[in-house]
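Contents: one structure, followed by commentary.
The values are calculated or read from the model by the stated rules, or taken from the named source; none is laboratory data. The shown structure was predicted, so the numbers you read here are calculated from the model rather than taken from an experiment. Cβ placement follows ideal geometry from the backbone for every residue including glycine, while neighbour counts extend to all protein chains displayed. What goes into the accessible areas is simple: the full protein's heavy atoms, side chains included, and nothing from ligands, DNA or RNA. Shrake-Rupley method; radii C 1.70, N 1.55, O 1.52, S 1.80 Å.
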Number of protein chains: 2
Amino acid sequence: MGLWRAPVAEYGLARAAKLVHDAGLSVSSLCRGGFFSADDWLTDNRDAIDEAATLGAPVLILVPGGLGARSLDAARAHVAAALEALVPHAEEAGVRLAIEPMHPMYCADRGVVSTVDSALDLAALFPASTVGVVIDTYHVWWDERVWSLIESAGAAGRIASFQAADWITPLPEGVLLGRGLPGTGCVDTRRFAAAVTAAGYPGPLEIEVFNAELWARPGPEILRDTIRSYVDHVVPAGERNHLGEH
Amino acid sequence: MGLWRAPVAEYGLARAAKLVHDAGLSVSSLCRGGFFSADDWLTDNRDAIDEAATLGAPVLILVPGGLGARSLDAARAHVAAALEALVPHAEEAGVRLAIEPMHPMYCADRGVVSTVDSALDLAALFPASTVGVVIDTYHVWWDERVWSLIESAGAAGRIASFQAADWITPLPEGVLLGRGLPGTGCVDTRRFAAAVTAAGYPGPLEIEVFNAELWARPGPEILRDTIRSYVDHVVPAGERNHLGEH
């Protein structure tokens, strides 16, 4: 399971690590570092790397952050500089940094890296073992170049994480909590999962849905519907029967 | 001035044409044809071409429309087919069709052509005198390839329209009416105007702002602030003094 830093901190880092471990689970990724437009980005990202290491998460997801006071060109250059500052610490901690290209509607305020190729250009400045990219269907589904970019990313060993969510309209105010479970919108999430797998990404395939209505429901229901969505709309067809038994 | 079809229809097409002409103005573009996902797209777009001709608008802006019942690949292929069906009528009417790449947040429901290069690929199937592209800052500002794409588009004689609006956050529900006048957000609108001009586009430079608050204000105030925004944030610096006198 992927974890988020704020609820982990609230529950307690060591306690959360033990809870996951005792349940027989492992942490696939930690969300999120990045937000390099913030004043405390260096300290905060070093902390995030350490937290990922403590949790046994192999990957720290980096949401690059918005413009802040910078121009778009300068903000993008700053992301490269921030990565350079963080890579030695990540290497030492054994945590891979995963740059997440964000949907262009977040370019101003959440992530100035808007496409898979921009993320790959940044990652290419560093060893593939330490810096990769995230393929999140919600952010990249609209890009007609995405299929060839996934191939390139896989061939270069740069796919560090896969996350699936569906696109539903109308978008809510602030456009943050409008995602749908795979199968509820217009994205061919199964094609994406098959593409990253064919490109050599070994998994895991995460589902990551920001949706206020979904979050308001009881946990067991969310888990049930998420598993159903995963089986029906994410996992490759050949593996469905096997998974359907569980 | 750019006109919109619905208010023109409400006022009366011939009456609107006369009103604009008698005021000593000309129509720079008509918004909008397109929406090729609609059942009546062919009739509706033929009508739009005829209306543009009646108004003396040299350009009909095409918003390609969303997915409808199609997959993304099929919807994009359908845009090409629709253009092919419309080009002879547009040529006959002397109206240039301008494909508008829409911000990727509109890909599902308003426009499946998401980048300038996708729009150029479509336009390239037809003569430049009949099919061009729109450079609208609101839709393309986030794309780091946009400066070289504007150069290519200009060199190929494909820039048919320029529209400026600024990006402001948070986005409103439905993300349609959240634009700002140039200068109120994070887009370097002057750089865009300079880029299309340098690429050989002879103008006009339109301001197109969808904003409920702005629209609610008295017309003369809107006009005053729009002219101010144009002088301060759109028109090339060398022409400012001249314009400021008016």
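General remarks:
- Scoring residue A:99 on the criteria (1) open to solvent by 10 Å² or more (accessible area, probe 1.4 Å); (2) in contact with a strand residue (DSSP E or B) (Cβ under 6 Å, 6 or more places away or on another chain) leaves a single failure, condition (1).
- Among the conditions (1) touching a helix residue (DSSP H, G or I) at 6+ places or on another chain (Cβ under 9 Å); (2) part of a loop (DSSP other than H, G, I, E, B), residue B:174 misses just one, which is (1).
- Check on residue A:73, out of contact with any Ser or Thr (no Cβ under 8 Å at 6 or more places or on another chain), away from every other protein chain (no Cβ under 14 Å) and not polar (S, T, N, Q): no
- Within segment A:103-120, restricting attention to residues that are farther than 16 Å from residue A:73 by Cβ and not hydroxyl-bearing (Ser, Thr, Tyr), the residue that is most open to solvent (accessible area, probe 1.4 Å) is A:109.
- Of all residues making up segment A:159-171, the number that are open to solvent by less than 40 Å² (accessible area, probe 1.4 Å) and within 13 Å of chain B (Cβ to nearest Cβ): 3
- Boolean, residue A:129 is part of a loop (DSSP other than H, G, I, E, B) and either open to solvent by less than 20 Å² (accessible area, probe 1.4 Å) or basic (Lys, Arg) (or both): no
- All conditions in (1) touching a residue at least 40 places away in the same chain (Cβ under 8 Å); (2) more than 9 Å from chain B (Cβ to nearest Cβ); (3) touching a strand residue (DSSP E or B) at 6+ places or on another chain (Cβ under 8 Å) hold for residue A:198, with the sole exception of (3).
- Lone qualifier among A:179, A:191, A:158 - being out of contact with any helix residue (DSSP H, G or I) (no Cβ under 8 Å at 6 or more places or on another chain) and charged (D, E, K, R): A:191
- Failed criterion for residue A:222 (all others in (1) among the β-branched types (Val, Ile, Thr); (2) within 15 Å of residue A:2 (Cβ to Cβ); (3) touching a residue at least 12 places away in the same chain (Cβ under 8 Å); (4) away from chain B (no Cβ under 14 Å) hold): (3)
- Test: residue in segment B:186-194 that is surrounded by 17 or more Cβ atoms within 10 Å (Cβ to Cβ), at pLDDT 95 or above, assigned to a strand (DSSP E or B) and of a type in the set (Gly, Ala, Ser): no
- Taking the criterion of being hydrophobic (A, V, I, L, M, F, W, C) and either free of Cβ contacts under 8 Å to residues at least 12 places away in the same chain or touching a Cys at 6+ places or on another chain (Cβ under 8 Å) (or both), the residues of segment A:80-111 that qualify are A:81, A:108.
- Lone qualifier among A:144, A:206, A:221, A:245 - being acidic (Asp, Glu), farther than 23 Å from residue A:114 by Cβ and either within 17 Å of the chain's Cα centre (by Cα) or modelled with pLDDT under 95 (or both): A:245
- Residue in segment A:147-162 that is nearest to the chain's Cα centre (by Cα), counting only those that are aliphatic (A, V, I, L, M) and under 14 Å from residue A:198 (Cβ atoms): A:159
- Of everything listed in (1) over 18 Å from residue A:195 (Cα atoms); (2) in contact with a helix residue (DSSP H, G or I) (Cβ under 8 Å, 6 or more places away or on another chain), the single unmet condition for residue A:77 is (2).
- All positions within segment A:4-51 that are free of Cβ contacts under 8 Å to residues at least 12 places away in the same chain, among the hydroxyl-bearing types (Ser, Thr, Tyr) and within 20 Å of residue A:92 (Cβ to Cβ): A:43
- Filter pass, residue A:72 being in contact (Cβ under 8 Å) with a residue 24 or more places away in the chain, over 20 Å from the mean Cα position of the chain (by Cα) and surrounded by 16 or more Cβ atoms within 10 Å (Cβ to Cβ): yes
- Candidates in segment B:139-158 are the residues that are more than 11 Å from chain A (Cβ to nearest Cβ) and assigned to a helix (DSSP H, G or I); of these, the one that is surrounded by the most Cβ atoms within 10 Å (Cβ to Cβ) is B:153.
- Segment A:1-53, residues that are surrounded by fewer than 18 Cβ atoms within 10 Å (Cβ to Cβ) and of a type in the set (Phe, Trp, Tyr): A:4, A:11
- Of all the listed residues (B:169, B:197), the sole one being of a type in the set (Ser, Thr, Tyr) and assigned to a loop (DSSP other than H, G, I, E, B) is B:169.
- Some residue of segment B:54-66 being within 13 Å of chain A (Cβ to nearest Cβ), surrounded by fewer than 24 Cβ atoms within 10 Å (Cβ to Cβ) and either aliphatic (A, V, I, L, M) or in contact with a helix residue (DSSP H, G or I) (Cβ under 8 Å, 6 or more places away or on another chain) (or both): yes
- Screening residue B:182 on (1) touching a Phe, Trp or Tyr at 6+ places or on another chain (Cβ under 8 Å); (2) within 14 Å of chain A (Cβ to nearest Cβ) shows it passes everything except condition (2).
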